[in-house]
1. List, please: which pairs have Cβ atoms under 8 Å, are six or more places apart or on different chains, and start with a residue in region 130-150 that is over 19 Å from Phe109 (Cβ atoms) and of a type in the set (S, T, N, Q) and end with one that is more than 8 Å from the ligand (Cβ to nearest atom) and part of a helix (DSSP H, G or I)?
2. Residue check: is Leu161 outside any loop (DSSP other than H, G, I, E, B), in contact with a helix residue (DSSP H, G or I) (Cβ under 9 Å, 6 or more places away or on another chain) and at pLDDT 95 or above?
3. Of the residues Val67, Val100, which single one is farther than 29 Å from Glu163 by Cα, among the β-branched types (Val, Ile, Thr) and open to solvent by 20 Å² or more (accessible area, probe 1.4 Å)?
4. Please list, ordered by first then second residue, the pairs with beta carbon atoms under 6 Å, 6 or more apart or interchain, first in region 33-58 and in contact (Cβ under 8 Å) with a residue 60 or more places away in the chain and part of a loop (DSSP other than H, G, I, E, B), second among the polar types (S, T, N, Q) and within 16 Å of the ligand (Cβ to nearest atom).
5. For region 105-120, give me each residue that is open to solvent by 10 Å² or more (accessible area, probe 1.4 Å) and more than 7 Å from the ligand (Cβ to nearest atom).
6. Being open to solvent by less than 20 Å² (accessible area, probe 1.4 Å), within 17 Å of Leu114 (Cβ to Cβ) and in a helix (DSSP H, G or I) is the filter here; which residues of region 132-158 pass it?
7. Restricting the search to region 166-185, which residues are in a strand (DSSP E or B), without any contact (Cβ under 8 Å) to a residue 60 or more places away in the chain and not acidic (Asp, Glu)?
8. Given the criterion among the hydrophobic types (A, V, I, L, M, F, W, C), at pLDDT below 95 and either within 16 Å of Arg98 (Cα to Cα) or in contact with a Lys or Arg (Cβ under 8 Å, 6 or more places away or on another chain) (or both), identify the matching residue among Ala126, Ala153, Ala137.
Amino acid sequence: MNAAAFLPVPELAGAGVRLRALAARDVDALFALHSDARVMRYWSFTAWTAREQAVEHIARLAREREVMEFYPWVATRPDSDTLIGTCSLFGIHHEHARGVIGYALAPQFWGRGLAGAMLQPALDFAFDTLDLNRIEADIDPLNIASCKLVERAGFQREGYLRERWRVGGGVQDTALYGLLRMDWRGVATAT
Ligand SMILES: CC(C)(COP(=O)(O)OP(=O)(O)OC[C@H]1O[C@@H](n2cnc3c(N)ncnc32)[C@H](O)[C@@H]1OP(=O)(O)O)[C@@H](O)C(=O)NCCC(=O)NCCS
């Protein structure tokens, strides 16, 4: 399968956020996000230390999207083009009607309901446009904000996977969350 077979990454809107495709011009804001220890505390790779890592990341995703279906969004405020966070749908298996969601928000935007506002259109797209039935989230159980965020959206904690990740010399567990189409009730709107 090639990129021509996949939908383009669509522009979507939530309360106080806009989602658009990740682009080369996002390199500095993406580097700021992934080099911030607060953002990376529970992430699946260590904090970036060089801008080149952001350049390579964007280039790699563009290459992978030639052969693999996933939707890498950048979140911005509605009146701005500047990245304030990211949201992606990946691990898509149409034969099983499932996918995985991941997200991060710059710390200055935490606590305003924007993370929920970012998930809302991405999940609507997953269920309504991609016709998926199940979305998973793989969360470090110590990441309380992320656990609460998905629980508010209707995700259920379905499993606990021990020592699933090795990151920066440490070991992290996974709380595996699942959201079925029938569970989806939307998430809190932004303030
Ligand atoms: C996960 C993330 C997107 C959540 O965004 P946010 O703006 O902090 O989300 P909210 O303000 O809606 O908080 C979600 C809930 O967690 C609670 N919370 C936030 N930080 C908390 C903390 N340190 N301890 C306990 N509860 C916390 C909030 O009170 C809220 O609870 P409520 O639903 O009962 O009101 C954001 O924290 C983030 O980008 N973290 C870094 C990247 C990351 O870990 N991504 C997820 C990987 S699985």
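The values are calculated or read from the model by the stated rules, or taken from the named source; none is laboratory data. Quick caveat, the model's predicted, so the values are computed rather than measured. Cβ sites come from the backbone with ideal geometry, for glycine too, and all protein chains shown count toward neighbours. Accessible surface is based on the protein model in full, side chains and every heavy atom, while ligands, DNA and RNA are left aside. Shrake-Rupley method; radii C 1.70, N 1.55, O 1.52, S 1.80 Å.
1. Asn133/Phe127; Asn133/Arg181
2. Values: outside any loop (DSSP other than H, G, I, E, B): yes; in contact with a helix residue (DSSP H, G or I) (Cβ under 9 Å, 6 or more places away or on another chain): no; at pLDDT 95 or above: yes.
The answer is no for Leu161.
3. When all the criteria are applied, what remains is Val67.
4. So the pair list comes out as Tyr42/Asn143.
5. Step one: of region 105-120, the residues open to solvent by 10 Å² or more (accessible area, probe 1.4 Å) are 105-113, 115, 120.
Passing the criteria: Ala106, Pro107, Gln108, Gln120.
6. The answer is Ser146, Leu149, Val150.
7. To start, the set of residues in region 166-185 that are in a strand (DSSP E or B) comprises 166-167, 170-180.
Imposing the further condition that a residue be without any contact (Cβ under 8 Å) to a residue 60 or more places away in the chain reduces the set to 166, 170-171, 173-180.
Those that are in a strand (DSSP E or B), without any contact (Cβ under 8 Å) to a residue 60 or more places away in the chain and not acidic (Asp, Glu): Arg166, Gly170, Val171, Thr174, Ala175, Leu176, Tyr177, Gly178, Leu179, Leu180.
8. Details: Ala126 fails: at pLDDT below 95; Ala137 fails: at pLDDT below 95.
Within the list Ala126, Ala153, Ala137, the selection yields Ala153.
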